[in-house]
Amino acid sequence: MFEKAIITIDGPSGVGKSTAAKSVAEKLGLSYLDTGAMYRAIALQAKREGVNIDLANELESLLDRTEITFRRDQNHVLLVLVNNEDITDKIRSPEISRLSSDIATKGIVRTRLIEIQRNIGQQGGIVAEGRDMGTYVFPDAKYKFYLDADLEMRAQRRCNQLHESGSDANMDDIGKQIAARDKQDMERSESPLHPARNAVIINTTHLNADEVVLKIIKEVQGL
Ligand code: DC
């Protein structure tokens, strides 16, 4: 019933989109598309190669020589690869978070990544997570969700994630970084973050991950 469906999940940083999208995809037997990971992958390569992201020709040649692919490991964990190198663990740092938001303002980057995203989605059967999935990349998606939550709660969750992965993190700093990223993601001229007109908005401030997933699945099943 859902095998050809496209479900979009958009929203600001740290709102629980990835956890929800992965779980919804798994429960409904659909593929999961993490579009933020694609912007992060380009940001990582730009940093490694010392690319000046304000120069369109430098960005263009970076895009030409960077192939992004996804693969599952033996535990079904989604891996992100650039030019066949597994970079999954290298793209989650605060520096790459910031740089990916900067790079996501560049039209040339968006055009390329959106083309890849639409190719992946053309057969349907995906849960696509990002900032512009329901508004711009898949405007005809059958099911659209926009997750939101208070800044403080989002900072707390991100902090917990960083602590769990063994990194140092300070709530105030994380809150400021998230707020700056949200502002840039919402105010950029190319497909800025906002809810699609027909998206179901879910405030996750007082919901745990399972409750968010349940709400999405009930909505999709028309319950
Ligand atoms: O979801 P994320 O935190 O991994 O995304 C990293 C950055 O990429 C985010 O700050 C904005 C950008 N992004 C975007 O502009 N459009 C998307 N569809 C996904 C992410």
_Enclosed volume per residue, in Å³, of the convex hull spanned by Cα atoms of the chain_ = 124 Å³
_Explain nothing, just compute: Karplus ³J(HN,Hα) = 6.51 cos²θ - 1.76 cosθ + 1.60, θ = phi - 60°, for every residue of segment 150-160 in order, whole Hz, x for Gly and Pro._
4, 4, 4, 5, 5, 5, 4, 5, 4, 4, 4
*When the dipole is taken about the Cα centre of the chain, and only Lys, Arg (+1) and Asp, Glu (-1) are charged at their Cβ, what size is it in debye, to the nearest 20?*
440 debye
*Could you give the distance between the Cα centres of segment 71-141 and segment 7-33, to the whole Å?*
12 Å
_P(r), alpha carbons of segment 181-220 - 10 Å bins starting at zero, rounded %_ = 24, 37, 32, 6
*Quick one: if you stick a label point 7 Å off each Cα along the C-beta vector at residue 73 and residue 108, how many nm between them?*
3.4 nm
*Tell me, what ³J(HN,Hα) does each residue in segment 39-51 have, in order and in whole Hz, if you take phi through Karplus 6.51 cos²θ - 1.76 cosθ + 1.60 with θ = phi - 60° and put x for Gly and Pro?*
5, 5, 4, 5, 4, 4, 5, 4, 5, 4, 9, x, 6
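Taking 35 Å as R0, compute the FRET efficiency from the Cβ-Cβ separation of residue 221 and residue 85 and round it to 0.05.
On the way: r = 39 Å, r/R0 = 1.12.
So, using R0 = 35 Å, E works out to roughly 0.35.
Which is the longest stretch in the chain that no exposed loop site breaks, taking sites as trypsin sites (Lys or Arg not before Pro) with a DSSP loop state and at most 12 other Cβ atoms within 10 Å? Please report the intermediate quantities before stating the final value.
Numbers: sites that count: 4, 65, 197.
Of all site-free stretches, the longest is 66-196.
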_Under the 0.36 nm per residue contour assumption, what length would be gained going from the current alpha-carbon distance of residue 115 and residue 211 to full extension?_
31.3 nm
_Please report the projected area of segment 91-223's Cα convex hull averaged over all directions, in nm²._
8.9 nm²
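Please find the FRET efficiency linking residue 54 to residue 27, where r is the Cβ-Cβ separation and R0 is fixed at 35 Å, and quote it to the nearest 0.05.
0.25
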*Considering only DSSP beta bridges where both residues belong to the chain, give the percentage that are antiparallel (nearest 5).*
30 percent
_Normalised contact order of segment 1-109, rounded percent, pairs of Cα under 8 Å and 6 or more residues apart_ = 23 percent
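Let's test the formula: R0 of 25 Å, r as the Cβ-Cβ distance of residue 176 and residue 148. What FRET efficiency results, to the nearest 0.05? Present the calculation step by step, with values, prior to reporting the outcome.
Working: r = 19 Å, r/R0 = 0.75.
Plugging the Cβ-Cβ distance into 1/(1 + (r/R0)^6) gives 0.85.
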*What does the convex hull of the alpha-carbon atoms of segment 23-121 project to on average, in nm²?*
6.6 nm²
*Measure of size requested: the Rg and Dmax of segment 1-66, with Cα atoms as the atom set and Å as the unit; please supply both.*
16.0, 47
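Here, each number is a calculation from the coordinates, and none is a lab measurement. Since we're looking at a predicted model, the values are computed, not measured. Every residue, glycine among them, receives a Cβ derived from its backbone with ideal geometry; neighbour counts consider all protein chains shown.
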